[in-house]
Amino acid sequence: MTTAADVRRIALSLPDTSERLAWGMPTFRVAGKMFATLGDDDASMGVKCPREERAELIASEPDKFFLREGHDDAFAWIRVRLGALEDEEELYAILLDSWRQAAPRRLQDAHPGLCVTD
């Protein structure tokens, strides 16, 4: 089972990532832009996700993905239940995808070896 400690370790392993407290919870930023947050219960995280993909993710895996009603509606974010993730590879893939959405192109180009593990 993945934990908040796993989120922190993996997020901070990504290039130019820092952790900063915001709204009373840990947030992870690349080049100053937020790409992940830990929930106040340490059992979930928020990550960037294009709005047009959220409904399909939630419909396909409702035990894993969700939105905080009234909070996430206007933003390109989705929530992930950490206990529902299969393993650390899935956690890494989700965090890397979110990192890529926030990282500037120059930073992504500087790290072409970053990839989702099989």
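The separation of the stretch 2-39 from the stretch 71-97, counted between C-alpha centres, amounts to 12 Å.
Going through the stretch 18-118, which GluC sites (Glu not before Pro) have at most 12 other Cβ atoms within 10 Å and a DSSP loop state?
Hits after loop and neighbour filter: Glu69, Glu86.
With all protein chains kept in place, the per residue accessible area of the chain amounts to 55 square angstrom at a probe of 1.4 angstrom. Rolling a 1.4 angstrom probe over the chain with all protein chains present gives an accessible area of which 52% lies on carbon and sulfur atoms. Applying a DSSP loop filter and a limit of 15 other Cβ atoms within 10 Å to the chymotrypsin sites (Phe, Trp or Tyr not before Pro) in the stretch 1-64 leaves Trp23. Can you list which of the chymotrypsin sites (Phe, Trp or Tyr not before Pro) found in the stretch 48-88 are DSSP loop residues with at most 15 other C-beta atoms within 10 Å? Answer by residue number: Phe75. For the chain, the 222 nm mean residue ellipticity estimated from helices alone, with every DSSP H stretch of n ≥ 4 adding -39500 (n - 2.57) and the total spread over all residues, rounds to -10500 deg cm²/dmol. Rounded to the nearest Hz, the phi-derived 3J(HN,Hα) couplings of the stretch 62-71 under the Karplus curve 6.51 cos²θ - 1.76 cosθ + 1.60 (θ = phi - 60°) are x, 6, 9, 10, 7, 10, 8, 3, x, 10, where x marks glycine and proline. Label-to-label distance for Asp40 and Glu90 is 2.7 nm, based on points extended 7 Å past Cα in the beta-carbon direction.
The values are calculated or read from the model by the stated rules, or taken from the named source; none is laboratory data. Bear in mind the structure is a predicted one, so any value in this text is a computation, not a measurement. All Cβ positions, even for glycine, are placed from backbone atoms using ideal geometry, and neighbour counts span all protein chains on display. What goes into the accessible areas is simple: the full protein's heavy atoms, side chains included, and nothing from ligands, DNA or RNA. Shrake-Rupley method; radii C 1.70, N 1.55, O 1.52, S 1.80 Å.
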